[in-house]
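Everything below concerns the one structure shown next.
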Amino acid sequence: MLSLRPLPALGDNYIWLLADVAAGSALVVDPGEARPVLAALAADGLRLTTILLTHHHADHIGGVPELLARFPDAAVLAPRDERIPGATRRVADGDTVAIASPAAHFDVLEVHGHTRTHVAYHGEGLLFCGDTLFSLGCGRVFEGTPDEMLASLDRLAGLPGNTQVCCAHEYTLANAAFALTVDPDNRALIARADVARTLRTRHQPTLPTLLEEERAANPFLRVAAINDTRMPWPAGAQPSRRRVDRFAALRAAKDTFHA
Ligand code: ZN
Ligand code: FE
């Protein structure tokens, strides 16, 4: 029996902890710092067996050395990227990750765009998608192209609707504010934003989110459905029905959006 929870870290990161409490073992995803992980493991008497990394940014890997100092036998899985040192296994698209304890299987998906080597892990009804897909938003396109990022989001959106999406940041309310400007009549979005507001008022995480809810509410998964009159085309740009043009315009507008 696996138990899942997001550990708040740094400013607005979540480090996902997946544990088999009966077996006394756990894995974590994207530990940007060690302290909250060590505290959670100690509280439940858990041993860290595995660290999954999605991409090289410091807020996702910064805690690895300190965790390895305490749990030197932990496996560290990461994409092939020299900016992520110390991996015990490099993963690539189509790989299967089989973890003995906590017993879990994950498929690796390369989802480039935020960075040029970003991966996601999908299995056990869960998706660890790092900074690619957020609730009601998506990651910034730092190293890839809008084409790559849209293809990555399309792949994630094609996973089963009951997948629990475990994003690496609590960005839902800020994403909702932007999403409501481009898709204000979307009832699924309005409902999701209301739920998220209530959760944050109670200082609870808005994650995980269900993939089918994101498909209905997240404007970056609905680029073709956004009303043409609401599309935030940059000055001088010609309105387009091409999905990648629409995605790029939405992403660019979000980059400069302030609620
Ligand atoms: Zn990042
Ligand atoms: Fe991040």
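Assorted remarks:
- Scanning region 80-120 for residues that are in contact (Cβ under 8 Å) with a residue 60 or more places away in the chain and of a type outside the set (Val, Ile, Thr), we see that the one that is farthest from Arg47 (Cα to Cα) is His118.
- Of all residues in region 98-132, those satisfying the criterion of being away from ligand 1 (no atom under 13 Å from the Cβ), in a loop (DSSP other than H, G, I, E, B) and either surrounded by fewer than 18 Cβ atoms within 10 Å (Cβ to Cβ) or under 18 Å from the mean Cα position of the chain (by Cα) (or both) are Ala100, Ser101, Ala103, Glu124, Gly125.
- In region 133-151, residue farthest from Ala252 (Cα to Cα) [restricted to those that are more than 12 Å from the chain's Cα centre (by Cα) and either away from ligand 1 (no atom under 16 Å from the Cβ) or open to solvent by less than 50 Å² (accessible area, probe 1.4 Å) (or both)]: Ala151
- Residues of region 219-238 that are in contact with a helix residue (DSSP H, G or I) (Cβ under 7 Å, 6 or more places away or on another chain), in a loop (DSSP other than H, G, I, E, B) and modelled with pLDDT of 95 or more: Val223, Ala224, Ile226, Met231, Pro232, Trp233.
- Considering region 30-97, the qualifying helices (runs of 4 or more DSSP H), each wholly inside and each with 3 or more residues that are within 16 Å of ligand 2 (Cβ to nearest atom) and out of contact with any Lys or Arg (no Cβ under 6 Å at 6 or more places or on another chain), run over 58-61.
- Among residues of region 16-31, those that are surrounded by 14 or more Cβ atoms within 10 Å (Cβ to Cβ) and without any contact (Cβ under 8 Å) to a residue 60 or more places away in the chain, counted: 5
- Across region 152-161, the qualifying residues are those that are open to solvent by less than 40 Å² (accessible area, probe 1.4 Å) and either of a type in the set (Gly, Ala, Ser) or in a loop (DSSP other than H, G, I, E, B) (or both), and the one among them that is nearest to ligand 1 (Cβ to nearest atom) is Ser152.
The values are calculated or read from the model by the stated rules, or taken from the named source; none is laboratory data. Predicted, not measured: the structure shown is a model, and the values here were computed from it. A quick note on method: Cβ atoms are made from the backbone with ideal geometry, for glycine too, and the neighbour counts reach across all protein chains shown. Each accessible area value is taken on the protein alone, full model and side chains, heavy atoms only, with ligands, DNA and RNA left out. Shrake-Rupley method; radii C 1.70, N 1.55, O 1.52, S 1.80 Å.
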